[in-house]
Amino acid sequence: MTTLPRRSPAGGRVVARRVVTSAQLGEFHRSLFLPLVRRAAWRHGLSKEDARDVVQEAFLLAIVKMDPDRNPKGWLVQVVDHLSVNLRRKDRRHADLAARWGPREFQAGPMTPEEDSGGL
Amino acid sequence: MRAFAREPIEIIPEWLAATRDVEIATGLSCEEALLRASKLRHLIREGRVSPKDVELDEEGKDVLHALVKLISETATKQGEGVAREAERIHGFLREIDWPADGFAEKADLLRRCAIAGWSERGVELDEIAKYRHDSVCAPDPDCLALGEGFLESITRGAAVEEAVETKTLFSAAASLRARADDEPLQTLKKAAALHQWLSARSQAVGSLDEADLLLGIAALWAGTTLRISGHFQQANRWFDLAQERFLRVVNSAQQFAKLDYARATVLYQQSRCAELVPIFKALRSRFEKLGMPNDAARAGFTEAMTLASLNRWGEALEILEVLSESSVVLADGNLHAVVQVYLATSLAQLRERDRAEAAYATALRSVASGRHPIVAACLKWSIGDFYRSLGDAARALYFYRLVLTDYLSIGLRTLAAQIRLTIADVSLELGRDREAEQEIVWALPILEEEGLVGEGLAAVSLLKESVRRRKTDPRALRELREHLRSNT
């Protein structure tokens, strides 16, 4: 991996920018992304799609909040766990609310033609 | 590529930018993985697949996760034979080589499998933790003797029967714990022998995660004895091994608390005191919450020692006064003696000379009634320091020489070399230059042999040169002692 200097959008300060090869992105995928997706999917019972979204959200948070000097992998694991638990809780609450208050077709399948026509 | 392997986290922004508009592969779908896992489960049950046959690509890893999920769900629904199956799958997973496991996935799978197996046997996880803690920390004398005999046999390399009961192994672990403070070198040999014996076993040890627990305990005590004898780097390597094993153990909060304590004591001995006060405080409360009063008392004592090292004698005294009256400390001869030593030292520092001398006398009585040479040596070292701080160098020298005799009698050469340097320092103060030279001449080769002084350390060269000229350089001697205090 090489590092090129780049002028920041704000002007003035020069910041480092990495040039990353596709092999490195592939290695990143295997060594960091997929283990976290597996954790979210198998430990927290998420679908693979939800697990992928959770890990990407964790990466977005990492850019802003993570301190790379303090066990970054541990930080990511913790964030993925929290986001997964939140997502499951949200899904469960949604399902509970739908069961109690949702439209009838949500609970008992599609409406009959009579119901659909307002009983006319 | 190597730089990337060291710090993959830095690549996150590039990864997100590169995958913004493309489909990201996430491995097998959960449904497909579960389907393949049920086939693998069937093959394992019939013994038609070996761990070496498992392809550990991304799909293979998904299948193993699915397999553990299957066994966990079966365990909660059915019952019959699932415990045995969990044990079989646990053994299967343990044999799989899992390279570059940065997220400890294998340990996680093993732990979840063990949880399924133990739950299925009808035992609560808290009960397992309690049984294990009691077996190792509060064994009866018969168990200790049993464990001691077993350790003697494997250390000698004598033939031991293949099927050893788990109880014997727990007794061996208890014996390591009981002897570590008094006989560090022998305990190190025994702990290393136990670790080697467990690692080399082809036959399963105990059920489920017990092998990992015992390997972790053996590594923990090997590291602790090395820490006691002043070999900190090696100690940390053993602690890393212990951590790797404890990750695979169910309900391992107690083990991790002990491991964290062991690592913190290494930092203490490296004089990183300022950062340690809150750590020991937190450890003390963690031990209390986990129902480990002995360990809580030890953590409290180490917190007091740390405060003392920072010259916060008043705060140290507060903790020590509470500890010296607690039933846990009174029941533990070793701990009681060292608490008295520090109590006395704190009083001495706070200019309460009479109370200090009384506390030293209590400590000496306490040490004399037991058989704890290391504690006795520490006590005498502290008494020496006490008299030195009062300006009584001759009496300090007398106690330092007693410390030297104690260390030599138990074979702790490194610590003996270090006290020799202290003796040299005091001898110079008393104008006994020839004695000082002699002590330095004895100490330096041992310190060099043990790798405690770097080749380029100026203080060593200066000291050697000054001794050769028969005019010892006290500043070089002091620098060397400072160096040893911070690096050993």
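Here the condition is being within 14 Å of another protein chain (Cβ to nearest Cβ) and modelled with pLDDT of 85 or more; of A:LYS90, A:LYS65, it holds for A:LYS65 alone. If the condition is being surrounded by fewer than 17 Cβ atoms within 10 Å (Cβ to Cβ) and more than 7 Å from chain B (Cβ to nearest Cβ), then segment A:31-52 contributes A:GLY45, A:GLU49.
Going by the structure shown, is B:LEU56 under 27 Å from B:VAL250 (Cα atoms), without any contact (Cβ under 8 Å) to a residue 60 or more places away in the chain and surrounded by 21 or more Cβ atoms within 10 Å (Cβ to Cβ)? Write out each step before concluding.
Working: under 27 Å from B:VAL250 (Cα atoms): yes; without any contact (Cβ under 8 Å) to a residue 60 or more places away in the chain: yes; surrounded by 21 or more Cβ atoms within 10 Å (Cβ to Cβ): no.
Spelling it out, it is not the case that B:LEU56 is under 27 Å from B:VAL250 (Cα atoms), without any contact (Cβ under 8 Å) to a residue 60 or more places away in the chain and surrounded by 21 or more Cβ atoms within 10 Å (Cβ to Cβ).
Note on segment B:36-54: residues that are within 14 Å of chain A (Cβ to nearest Cβ) and not small (Gly, Ala, Ser) amount to 1.
Examine segment A:68-85 for a residue that is in contact (Cβ under 8 Å) with a residue 24 or more places away in the chain, surrounded by fewer than 16 Cβ atoms within 10 Å (Cβ to Cβ) and over 14 Å from A:PRO35 (Cβ atoms), and state whether such a residue exists. Among the residues of segment A:68-85, at least one is in contact (Cβ under 8 Å) with a residue 24 or more places away in the chain, surrounded by fewer than 16 Cβ atoms within 10 Å (Cβ to Cβ) and over 14 Å from A:PRO35 (Cβ atoms), which makes the answer yes.
Taken together, the criteria exclude B:GLU288 from residues that are more than 29 Å from B:LYS130 (Cα to Cα) and without any contact (Cβ under 8 Å) to a residue 12 or more places away in the chain. I'm trying to understand the selection: among the residues of segment B:190-209, which are of a type in the set (D, E, K, R) and loosely packed, with under 15 Cβ neighbours inside 10 Å? Answer for segment B:190-209, where residues must be of a type in the set (D, E, K, R) and loosely packed, with under 15 Cβ neighbours inside 10 Å: just B:ARG201. Considering the conditions (1) part of a helix (DSSP H, G or I); (2) on the phi > 0 side of the Ramachandran plot, B:GLN234 is excluded by exactly one of them, (2).
Only one entry in B:ALA17, B:ALA114, B:ALA86 is among the hydrophobic types (A, V, I, L, M, F, W, C), at pLDDT 85 or above, part of a helix (DSSP H, G or I) and exposed (fewer than 13 other Cβ atoms within 10 Å of the Cβ), namely B:ALA17.
The values are calculated or read from the model by the stated rules, or taken from the named source; none is laboratory data. Owing to the predicted nature of the structure, the values given are computational and were not obtained by experimental measurement. For neighbour counting, all protein chains shown are included, and Cβ atoms are generated from backbone atoms with ideal geometry for every residue, glycine included.
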